[in-house]
1. Taking the alpha-carbon distance from residue 243 and a cut-off under 26 Å, which lysines remain once sequence neighbours fewer than 8 residues away in the same chain are dropped?
2. For the chain, find the longest principal axis of its Cα atoms and tell me its angle to the long axis of helix 152-165, 0 to 90°, nearest 10.
3. Using only the alpha-carbon atoms, how far is helix 327-342 inclined from the longest principal axis of the chain? Give it as 0 to 90 degrees, nearest 10.
4. Restricting to Cα pairs below 8 Å that are 6+ residues apart, what does the relative contact order work out to for the chain? Please round to a whole percent.
5. Per residue of the range 191-198, what does 6.51 cos²θ - 1.76 cosθ + 1.60 with θ = phi - 60° give for ³J(HN,Hα)? Whole Hz please, x for Gly and Pro, Karplus curve as stated.
6. Work through the residues other than residue 258 whose Cβ is under 14 Å from its Cβ and net out their charges, Lys, Arg +1 and Asp, Glu -1.
7. For a bin width of 5 Å, list the pair-distance distribution of the range 272-366 built from all Cα-Cα distances, rounded to whole %.
8. Taking only Cα atoms, what is the 0 to 90° angle, nearest 10, from helix 295-307's long axis to the longest principal axis of the chain?
Amino acid sequence: MDTLANFINGEFTAPVNGKYIENVEPATGRVYGEIPSSSQQDVELAVKAARKALPTWQAMPIEQRAELLFALGAAIEANLESFAKAESKDNGKPISAARTVDIPRAASNFKFFAHAASQFASQAHAVASQAINYTLRQPIGIVGCISPWNLPLYLFTWKIAPALAAGNCVIAKPSEVTPKTAALLGELCQQVGLPKGVLNILHGTGDKVGAAICDHPEIRAISFTGGTSTGAAIARQVAPQFKKLSLELGGKNPALIFADCDIEAAVNQLIRASFANQGQICLCASRIYIERSIYPAFRDAFVEQAQALTPSDPSLDSTQMGAIVSRPHMEKILSYIELAKHEGASILTGGSSLKLNGRCQDGYFISPTVIEGLDNEARCNQEEIFGPVVTLQAFGSDEEALSLANDSQYGLASTIWTQNINRAHRLAEEINTGIVWINTWLERDLRTPFGGMKNSGVGREGGEEAMRFFTEAKNVCIKYK
Ligand code: NDP
């Protein structure tokens, strides 16, 4: 049994209440570890440690702070294989994805924000011959970072790295479903000599330890990534304390496929965009709109490739598609597929769970599922499913495509597939999503603003946006003659 501990004040610490919750390997359905079921008392200890660490961390020369963050990134790289294995086991994702995407990206988050710490500048505004304003960008103090299970270490570090780079001390909570690599990160903090109390990692459930982090009056900012309803609950909870709040929430991302696109390239990329990480990436395409004249050709090619993608044991090097993260999540996805049938859909491929043999016989697997025949108002086209399920619909004109894409409570990401540069720019301007990819998907540059509109969130992460979020702006005005 792998028993994890909280990481508080630079030490691995059992939860004050002595309670634990089980950790399940999704590929096998078996419990393989336990994690602290932390409570408000553990948050109190973490805040105490962070409070004590804050003056030293803030006074540390930027170069030295940056070096520590860079060392953390390098330490993740040096342990890539063990981190990748842990991530794959904990989350169910293919080991190849953990090795090439999740863990390298977690390392580059630290390296990127190590550089950002040393490059971050603030503005000055001069009033000719009268006065000059300059803006100080000061750390907030103690901040809370709460992340989801789908890209566990990748999204955990995407918050922690800028928060630390900006000079804050952090209380962070990974998802209870995927705690392992966050625990391993604590070991690397010890190894590189991160001062005690600068980063504190608490395990447990959102309703207990997550809510206690949001509630603590000394934690002055919350950076949250997760579901929209959780984001709404957190916003309600922290509003009376006027905390800074960044919310990266759910999505229902449209892909617009025009007849003039490179169909082969679009099908290849859309297969990735739909089913990478078992469809459990907030940026995954879930509503695919296809210009009517190429609908049959696109659909048939897409379905053929989806059928070739068979889930298998995530620990095998050859696996392209792994397990769904948990039984409740698998059941939620399957219930949406049933709903789609009820709503009159045709299931073109997939549509059910998959039973594997051997080690994974009790694991949580769903075949890539492609659905057609639903109206845009159908719940399966409006609600986030967050699994390997996409719907196809035909459109007749640019205007119709845009109106279908924008007919959603969400506004996270979209993709547009066309060779017409004028159309691409026009639609990019008019589509209501925070991220637009044209003829590509998940082309990431860590400097760019990342986040969504409408129910997909508030605020942006990435590059300077993150450094701004994790600092308070203070304007200083000097009058002179
Ligand atoms: P949840 O909203 O269930 O949980 C996210 C995190 O918040 C978890 O650590 C969870 O704890 C914690 N939490 C739950 N309730 C509270 C609370 N009341 N107070 C404080 N913390 C709480 O999301 P999932 O983990 O299920 O992740 C999937 C969702 O994340 C999808 O909707 C997806 O779209 C979204 N997402 C958005 C991204 C973006 O950038 N916009 C990126 C990736 C995912 P625990 O679960 O351990 O109980």
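1. 48, 52, 159, 173, 196, 208, 454, 474
2. Approximately 30 degrees, to the nearest ten.
3. Its long axis makes an angle of about 40 degrees.
4. Averaging sequence separation for qualifying contacts and normalising by length gives 19 percent for the chain.
5. Once rounded to whole Hz, the list reads 4, 8, x, 4, x, 4, x, 6.
6. -3
7. Per 5 Å bin, starting at 0, the Cα pair percentages come out as 2, 11, 19, 25, 22, 12, 6, 2, 1, 0.
8. It works out to around 70 degrees.
The values are calculated or read from the model by the stated rules, or taken from the named source; none is laboratory data. As the structure is a prediction and not an experimental result, all values here were calculated from the model. So basically every Cβ, Gly included, is an ideal-geometry build from the backbone, and we count neighbours across all protein chains shown. Heads up: the accessible areas ignore ligands, DNA and RNA and are worked out on the full protein's heavy atoms, side chains in. Shrake-Rupley method; radii C 1.70, N 1.55, O 1.52, S 1.80 Å.
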